[in-house]
Amino acid sequence: MEWLVVIVSMIVLWVASLCKILQASCSPSKAMFLNNGDSVHKRNVLLVVSHPDDESMFFTPTINYLISRGHNIHILCISTGNADGMGNIRKEELYQASAILKVPLQQVKILDHPDLQDGFGKVWDCNLLAKIIEKEISTHVIDVIITFDNYGVSGHCNHQDVNRGVSKLLHDTLQRNIEAWELVSTNILRKYSGPVDIWFSFVYAMYYSSGQMHCLLNKHPQKSYAAMAQHMSQWVWFRKLFVSFSSYTYVNTLRKIN
């Protein structure tokens with residue numbers, strides 16, 4: 001009988017959390033993300049990821065938020081994800097997913113640099129990354145960068161490398177006109193708690209100074225599933241479960257890189 005109570009309680013909590021997401025605004029903080037005072041003005045945002053499908057598995061709440069508020073988003077994918085020899089296929093899948101997420105295809109750039117190839121144990125040079133990102137900033141007049149934090153959600157070395165590349169750029173060039181934000185990695189229990197993690201994210205964000213952290217709720221979580229489904233080469237059963245149960249489908253917590 002006790003196990004039944006636990007199951008029912010978890011279902012109720014899951015449903016209540018999902019309802020909160022669907023009804024709430026996309027940022028619980030008083031100073032909404034990328035607001036300038038009391039009004040929102042269009043920003044040029046560069047999302048830096050490591051592989052095709054990163055944008056769908058981890059950053060959909062952020063992308064949906066930016067698009068819904070009229071911001072101009074560019075995606076820079078550092079590799080084709082060619083570890084299994086499917087780089088060309090995965091490139092096309094990213095374009096298809098971007099169409100689902102309403103990111104213009106001409107604003108999606110996928111690199112295939114010989115020194116920046118996908119794979120565990122393949123360390124990417126942060127100096128090279130910094131130069132590439134700096135060029136994108138200049139080309140598209142970028143004023144906001146979003147990327148992984150220093151753990152990279154899953155601990156993948158390539159995710160961690162893009163964080164180091166962005167940090168290197170900010171440190172060396174002292175680009176004070178650029179805002180940089182990182183996606184906060186969570187522990188495994190929160191990571192697979194689905195929409196329930198919004199409550200932990202809200203509490204966690206309360207400990208930071210105003211404007212230094214934002215929780216972005218995904219009011220259309222079905223888009224995460226639809227976008228990830230475009231990555232057919234990666235759309236195996238455990239990734240279907242991941243998208244369904246991952247907290248990153250429902251909420252992104254972004255922390256400012258100072």
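What follows is calculated from the coordinates using simple rules that are stated; it is not laboratory data. Note that the structure is a prediction, hence the values are computed from the model and not measured. Note that each Cβ is placed from the backbone with ideal geometry, even for glycine, and that neighbours are counted across all protein chains shown.
Suppose we keep just the DSSP beta bridges with both residues in region 41-256; what percent of those would be antiparallel, to 5?
That works out to approximately 30 percent antiparallel.
Taking the simple approach of a point 7 Å from Cα along Cα-to-Cβ for both K102 and Y208, what is their distance in nm?
Placing both labels 7 Å along Cα→Cβ, they lie 2.5 nm apart.
For a protection proxy built on the mean count of beta-carbon atoms within 10 angstrom, sort 66-74, 44-52 highest first, please. The partial results should precede the final answer.
On the way: 66-74: 17.9, 44-52: 24.1.
Going from most to least packed, we get 44-52, 66-74.
Provide the net charge surrounding E134, with neighbours chosen by a C-beta distance below 11 Å and charges set as Lys +1, Arg +1, Asp -1, Glu -1.
Taking every other residue near E134 into account, the sum is +1.
Along Cα→Cβ, 7 Å out, is where each label goes; now give me the distance between the ones at N187 and K109 in nm to one decimal.
Each label point is offset 7 Å from its Cα along the Cβ direction, giving 4.0 nm.
Rank these for me by crowding, S185, S224, going from fewest to most other beta carbons within 10 Å.
Ordered from fewest to most neighbouring Cβ atoms within 10 Å, S185, S224 come out as S185, S224.
May I ask for the net charge around L254, where only other residues with Cβ less than 12 Å from the Cβ of L254 are counted and Lys, Arg are +1 while Asp, Glu are -1?
Summing Lys/Arg as +1 and Asp/Glu as -1 gives -1.
From the Cα gyration tensor of region 41-256, with a ≥ b ≥ c the square roots of its eigenvalues, which class applies: rounded if a/c is under 1.5, or else prolate if a/b is larger than b/c, or else oblate?
rounded
With Cβ to Cβ distances under 12 Å as the rule, what net charge do the other residues near Q212 carry (K, R +1; D, E -1)? Mind showing how you got there, number by number?
Numbers: positive: R255, K256; negative: E179, E182.
Combined, the nearby Lys, Arg, Asp and Glu give 0.
When T80, T147 are ordered from fewest to most other Cβ atoms inside 10 Å of their Cβ, what list results?
Ranking T80, T147 by Cβ neighbours within 10 Å, fewest first, gives T80, T147.
Ranked from highest to lowest mean number of other Cβ atoms within 10 Å per residue, what is the order of the peptides 112-118, 248-254, 159-165?
On the way: 112-118: 15.0, 248-254: 26.4, 159-165: 23.1.
By packing density, highest mean first, the sequence is 248-254, 159-165, 112-118.
Taking the number of other C-beta atoms within 10 Å as the exposure measure, put M213, M86, M228 in order starting with the fewest.
Final ranking by Cβ density, sparse to dense: M86, M213, M228.
Among Q230, C215, V251, whose Cα sits farthest toward the positive end of the charge dipole of region 157-258 (+1 at Cβ of Lys/Arg, -1 at Cβ of Asp/Glu, about the Cα centre)?
Checked the options; the winner is Q230.
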